[in-house]
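As structure tokens, the structure follows; a few thoughts come after it.
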Amino acid sequence: MGLGVEVADAVALLESGLPPERAWAEADVEVGADGLPQVHGASTVGIRAAAQLARDGGVPLARVLRRIVEVERERQEARDACEAALAGPGMSAKVLAWLPLAGVGLAALLDPRALGLLFTTPFGWVLLTVGGILTMLGRAWTRSLLRDAVPSPSGVATPVALALIEATLAAGMDLPGALMRVGRVVEDAGDTEGAALASAGASLARGEPWARVWATAARVDGSLAPVVERALRAPHRCGASAAPALRTATDEAIRTTRAQAQRAVGRLGVTLSLPLTLCLLPAFVVVGIVPMIAAVVGSVELSGL
């Protein structure tokens, strides 16, 4: 699910001068007890983070929300492209999951004796058990590959965090303050990298050297701190505005995420052949081909007697 027209309407109303409470109400966006919008879908974290940053940091909500909406729309386009690319492999996987059952139907169609052997003899029960186990393994493996093809993001995504810092700086806050504010918002959203970002801002506010500050922040697992440091390094060294560099870094992070997802989808076409080759095709042979061969061999032996 994308952003929806409600959030877009709220942004327009905020830019028209309405206070946040009135804008959310007029746009039919539900607001929780904490005063933050209760939006749904993949953009939930980014919208709530923007609203929290505006509420706690004194940043104009219209400005930060407009930027987050732009970023989230680009991220949604990337997700839609990946879902479209996954549609073909996903449908193929669902069809192939029924291959063993098709084997049973084929055996019954070509030689009804194979069906009797399969369901009324100990040998057939063994074949059904082996085929069932292989089928369940193949289906579970396929579902796992489809689920992991494009990992679901957790916490605040890197492009969203960069956009929050950019909007905070554009509102007039200094760099250490912006890092501390955004870091706390990211941490409240359940992302452990937020603490490292807030710590970096506090260290810069104390006047600690740039390299030492970010070396400490980079020890936290994740990619957010290195990306933020790389975007801010040149503007900090030159005394220039960091907003253009952050905007460029945000766009690059979105492109990187899109490229990673496309590579994952490309690999999926190859990895899906593994459960087919190692589980579903053997299950087809076990419950479809073997019973027919056994039935033919058995009938030949009986006729010879």
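Every number here is computed from the coordinates shown, using simple stated rules; none is lab data. Since the structure is predicted, the reported quantities are computational estimates derived from the model, not experimental observations. Note: ideal-geometry Cβ built from the backbone for every residue, glycine included; neighbour counts use all protein chains shown.
For this structure, a couple of remarks:
- Count of the stretch 89-121 residues which are within 30 Å of residue 263 (Cβ to Cβ) and free of Cβ contacts under 8 Å to residues at least 24 places away in the same chain: 4
- Search result, residues across the stretch 242-277 that are closer than 19 Å to residue 158 by Cα, loosely packed, with under 14 Cβ neighbours inside 10 Å and among the hydroxyl-bearing types (Ser, Thr, Tyr): 248
- For the stretch 1-118, the helices (runs of 4 or more DSSP H) that sit wholly inside it and include 2 or more residues that are farther than 28 Å from residue 172 by Cβ are 4-15, 61-96, 99-110.
- Single match in 198, 231, 215 (criterion: in contact with an Asp or Glu (Cβ under 7 Å, 6 or more places away or on another chain) and either more than 21 Å from residue 48 (Cβ to Cβ) or crowded, with 17+ Cβ neighbours inside 10 Å (or both)): 198
- A Cβ distance below 6 Å, combined with a sequence gap of six or more or placement on separate chains, defines the contacts here; from the stretch 271-289, residues that are in a helix (DSSP H, G or I) reach residues that are of a type in the set (Phe, Trp, Tyr) in the pairs 275/141.
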